[in-house]
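Participant: Below is the structure I would like to discuss, written out as structure tokens.
Please treat every number below as a calculation from the coordinates, not as lab data. Please read all numbers here as calculations on a predicted model, not as lab measurements. Cβ coordinates were reconstructed from backbone atoms using ideal geometry, including for glycine residues, and neighbour counts include every protein chain displayed.
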Amino acid sequence: MRLEKCWFCSSTVYPGHGIQYVRNDAKIFRFCRSKCHKNFKMKRNPRKVKWTKAYRRLHGKDMTQDATFEFERKRNRPERYNRTTVENVLKAIPKILKVKADRAADHIGGRLKGSKQKKRKEDKRELEQSLHMVKAPGAFNEDPSFTLPVDTKLKVKVNQKQAVAMETE
Amino acid sequence: MAGFLASKCSHVGRSLLGGLGNKLSATVSTQYEMANNSFLSQIRSFIQMRTVLKVVDNSGAKKVMCIQALKGKKGARLGDTIVASVKEAYPNGKVKKGKVVYGVVVRAAMQKGRCDGSEVKFDDNAVVLVDKQGQPIGTRVFGPVPHELRRKKHVKILSLAGHIA
């Protein structure tokens, strides 16, 4: 029994799940679900589809190099059964998973941290450079030209000829 | 009728593949994939009467037409045995055009459930010719074959095949 990786999204394909397509040159394409299979049939490139692992790795959104990936590597030689090895591996699995999750979180955290500083910097600069666009709220009260007059009605002179012309139209 | 059309189209797909397949590796090849996938996106069906299949051994036949599926009401699937008539053959082969032969379906474009619940499908519909006892007529098998043939007691075909999927 082997846990394969989906050709499209690189998620784990557990036994009994998904579909595999065997091309005539004997290359096997495994898909974890019909979503990935359909995307393959639509000739989509997994590197250009945002939700795949390939895209995320390519665009620096996920870790690409880590020692924890070594444990998941495909090995073509079966391991000889050894009770103590099994025991140790079973003990190590939760630890490894935890380390991996922490490192992934660190990676994402580091990425977000940089962007926050950058955004703050940009905001600061904008504020400095285009201060003239901002008018203090008090200015509206002082200067009547910013607001509509409330109590006084506007008087507009109407030319007699114009008014007649408008009515006839 | 639909089956016949589908099998016709499959030949188109195959010839495109054959033309491109040798030069391109599996990693690049967007063209390859395109030819492949337009063929894949059709609705696949059972191997039934009048389905034309490719012969992937050196028995001398090139193409056979299914005239009877020996199992299943709707038709044959991956690993089933069919009765077929030889439509195209190489000169000086063991099998001549017009003969009625038995064959095992070693590749089917229609997906088939596996024992663990997943599914498998292939590029084309292909057959290996056997005699009535189930022994292959040719001495070589080309292309990938499914491991389900072992359960169908066609171990000889499996041992002749280069790739087992």
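Participant: Counting only other chains, and only Cβ atoms inside 10 Å, what mean value do you get across the residues of A:12-22?
Facilitator: So the per-residue partner count for this stretch is 5.
Participant: May I ask you to compute the full-extension gain from A:K50 to A:L3, defined as 0.36 nm times their residue separation minus their alpha-carbon distance, rounded to one decimal in nm?
Facilitator: 14.5 nm
Participant: So, R0 is 35 Å and r is the distance between the beta-carbons of A:E122 and A:D102; what FRET efficiency does that work out to, to 0.05?
Facilitator: FRET efficiency, A:E122 to A:D102: 0.70.
Participant: Within 10 Å of each candidate Cβ there may be at most 16 other Cβ atoms; applying that plus a DSSP loop requirement, which GluC sites (Glu not before Pro) in region A:20-127 survive?
Facilitator: Taking region A:20-127 and a limit of 16 other Cβ atoms within 10 Å, the loop GluC sites (Glu not before Pro) found are A:E79.
Participant: Counting only the backbone N, which residues of region B:44-59 are under 17 Å from the spot 7 Å out from the Cα of B:K74 toward its beta-carbon?
Facilitator: Label zone hits: B:44-51.
Participant: Compute the distance in nm between two label points, each set 7 Å from the Cα along the Cα-to-Cβ direction, one at A:K61 and one at B:R150.
Facilitator: Placing both labels 7 Å beyond Cα along the Cβ direction yields 4.1 nm.
Participant: Further question on the same structure: Taking Cα atoms of region A:64-129, Rg/Rh with Kirkwood Rh, to two decimals?
Facilitator: Rg divided by Rh gives 1.35.
Participant: Counting C-alpha atoms alone, how compact is region B:100-165: give Rg to one decimal and Dmax as a whole number, in angstrom.
Facilitator: 11.6, 35
Participant: Let me ask you something else. Tell me, what ³J(HN,Hα) does each residue in region B:75-92 have, in order and in whole Hz, if you take phi through Karplus 6.51 cos²θ - 1.76 cosθ + 1.60 with θ = phi - 60° and put x for Gly and Pro?
Facilitator: x, 8, 10, 4, x, 7, 9, 10, 9, 9, 10, 6, 9, 9, 8, 6, x, 6
Participant: So which trypsin sites (Lys or Arg not before Pro) in region A:51-93 pass both tests, a DSSP loop state and at most 10 other Cβ atoms within 10 Å of the Cβ?
Facilitator: Here the sparse-neighbourhood loop sites are A:R73, A:K74, A:R75, A:R80.
Participant: Right, another one. What fraction of the Cα pairs in region B:51-160, stated in percent, has a spacing above 18 angstrom?
Facilitator: Of the Cα pairs, 43 percent sit more than 18 Å apart.
Participant: Past the 28 Å Cα-Cα mark, which pairs from A:K100/A:K121; A:K98/B:K121; A:K27/B:K152?
Facilitator: A:K100/A:K121; A:K98/B:K121, as the Cα separations exceed 28 Å there.
Participant: While we're looking at this one, here's another question. Where Lys and Arg each count +1 and Asp and Glu each count -1, what net charge lies around B:R150 among other residues with Cβ under 13 Å from its Cβ?
Facilitator: +4
Participant: Taking each residue of B:111-123 in turn, how many C-beta atoms of other protein chains fall within 10 Å of its C-beta, and what is the average?
Facilitator: For peptide B:111-123, the averaged partner shielding equals 5.
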